[in-house]
């Protein structure tokens, strides 16, 4: 019983604030995002409108996700998760899908994103060991990303995926730093939770296993790693097949349909979609376009989407940021924790940039990978902790990027509010 109690306390401290500064960080973002989401939920209908199943803003599928969890082939177990989310929101709103319902949905998103920011802060503080001022600057930078701003009030799969992936990276980093293995049950639970919300992300939970101590030097350790991997896959597949009544052919049919639908957009050059949408749109808002939409049942409405960047400055911003990210990777190439982060990022690069799945709307996929930016920047700062001149240069460049990010995203958010004022 005491062992179970110890594990429960450890799990609780892992997810929630465990120190005074962690509590301050969590409450700061909870209040900031909470004010933003509460205002939008109370004054506008854009978070949830029964008439609008998808694409009211930036291709998010708010109503569709809240009501069904999304398509089973991409989001196998989201149906069950969002049943709980919806019922909790309905409990708060006395069964009505009104302003109180939207308020509850926004606050659940707010809590998830605030906890995501907290996980990044914990990683920077406990795993990398950066000075407090750098930790705070990095999470303020991360907290100002377009992805974190939007997901802080958006009921979507990406909202909870961001939290789960940030939590798993922190947890696996703790295990790797202590040279411990990830237990089979923890790996299976992570696979079901993370892969259940978005199936492609299940590959990411196996990456840290490959970097456990001596896993390829000891047959016993290698066999144990293989067992844990197979155990996780079997658990996931079994539940998945049960979810779809063992009609496995539907998975391939639906997957092919989705790939054809979301991978054949040629209206914008591929290089521009990669920079403006995949690398850029998740961090730095680009220009907005208003489009006419309909719900296929006779109701017409306006949708807001992102365009490619129209100025050279955002491209410079993204270029400099990518230079810093890859600089960090090559500087810390022998660091297994950095390898875990970058390989995880590479999974998304392959899916969206090489396979081109959803590349034209890849700015909505930020919840799958956007947390790698503050982590890799943190490792870059750490690698030059003994070089004051380079560290000062990096800090100066980072502060310029931070200032531009905040000013740009603030301006774009005012345009977003103009859109809501006019149409919602």
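The values are calculated or read from the model by the stated rules, or taken from the named source; none is laboratory data. Remember, it's a predicted structure, so these values are computed and weren't measured experimentally. We place every Cβ from the backbone using ideal geometry, glycine too, and count neighbours over all the protein chains shown.
Every residue in region 215-228 that is touching a helix residue (DSSP H, G or I) at 6+ places or on another chain (Cβ under 6 Å) and in a helix (DSSP H, G or I), please.
If the condition is that a residue be touching a helix residue (DSSP H, G or I) at 6+ places or on another chain (Cβ under 6 Å) and in a helix (DSSP H, G or I), then 225, 228 are the ones that fit.
Go through (1) part of a helix (DSSP H, G or I); (2) buried (at least 21 other Cβ atoms within 10 Å of the Cβ); (3) in contact (Cβ under 8 Å) with a residue 60 or more places away in the chain one by one and return the number of the condition residue 380 breaks.
Every condition holds for residue 380 apart from (3).
This table checks each residue for (1) outside any helix (DSSP H, G or I); (2) surrounded by 14 or more Cβ atoms within 10 Å (Cβ to Cβ); (3) at pLDDT below 95.
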position: 230; (1), (2), (3): no, no, no
position: 253; (1), (2), (3): no, no, yes
position: 260; (1), (2), (3): no, no, yes
position: 266; (1), (2), (3): yes, no, yes
position: 273; (1), (2), (3): no, yes, yes
position: 283; (1), (2), (3): yes, yes, no
position: 286; (1), (2), (3): yes, yes, yes
position: 291; (1), (2), (3): yes, no, yes
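Are any of the residues in region 295-315 touching a helix residue (DSSP H, G or I) at 6+ places or on another chain (Cβ under 7 Å), crowded, with 21+ Cβ neighbours inside 10 Å and over 25 Å from residue 160 (Cα atoms)?
Yes, because at least one residue in region 295-315 is touching a helix residue (DSSP H, G or I) at 6+ places or on another chain (Cβ under 7 Å), crowded, with 21+ Cβ neighbours inside 10 Å and over 25 Å from residue 160 (Cα atoms).
Within region 399-413, how many residues are within 21 Å of the chain's Cα centre (by Cα) and free of Cβ contacts under 8 Å to residues at least 60 places away in the same chain?
So the count comes out to 1.
Is region 347-355 home to any residue that is surrounded by 23 or more Cβ atoms within 10 Å (Cβ to Cβ), touching a helix residue (DSSP H, G or I) at 6+ places or on another chain (Cβ under 8 Å) and either closer than 22 Å to residue 141 by Cα or modelled with pLDDT of 95 or more (or both)?
no
Pull up region 204-215, narrow it to residues that are surrounded by fewer than 21 Cβ atoms within 10 Å (Cβ to Cβ) and modelled with pLDDT of 95 or more, then point me to the one that is nearest to residue 235 (Cα to Cα).
By that ranking, first place goes to 206.
Have a look at 362, 407 and point out the one that is outside any loop (DSSP other than H, G, I, E, B) and touching a helix residue (DSSP H, G or I) at 6+ places or on another chain (Cβ under 6 Å).
The match here is 362.
Could you say whether any residue in region 44-59 is in a helix (DSSP H, G or I), touching a helix residue (DSSP H, G or I) at 6+ places or on another chain (Cβ under 8 Å), at pLDDT 90 or above and crowded, with 17+ Cβ neighbours inside 10 Å?
No, the conditions are met nowhere in region 44-59.
Could you say which residue among 91, 124, 134, 105 is closer than 22 Å to residue 154 by Cβ, in contact with a helix residue (DSSP H, G or I) (Cβ under 7 Å, 6 or more places away or on another chain) and either in a helix (DSSP H, G or I) or at pLDDT below 95 (or both)?
Exactly one residue qualifies, and that residue is 105.
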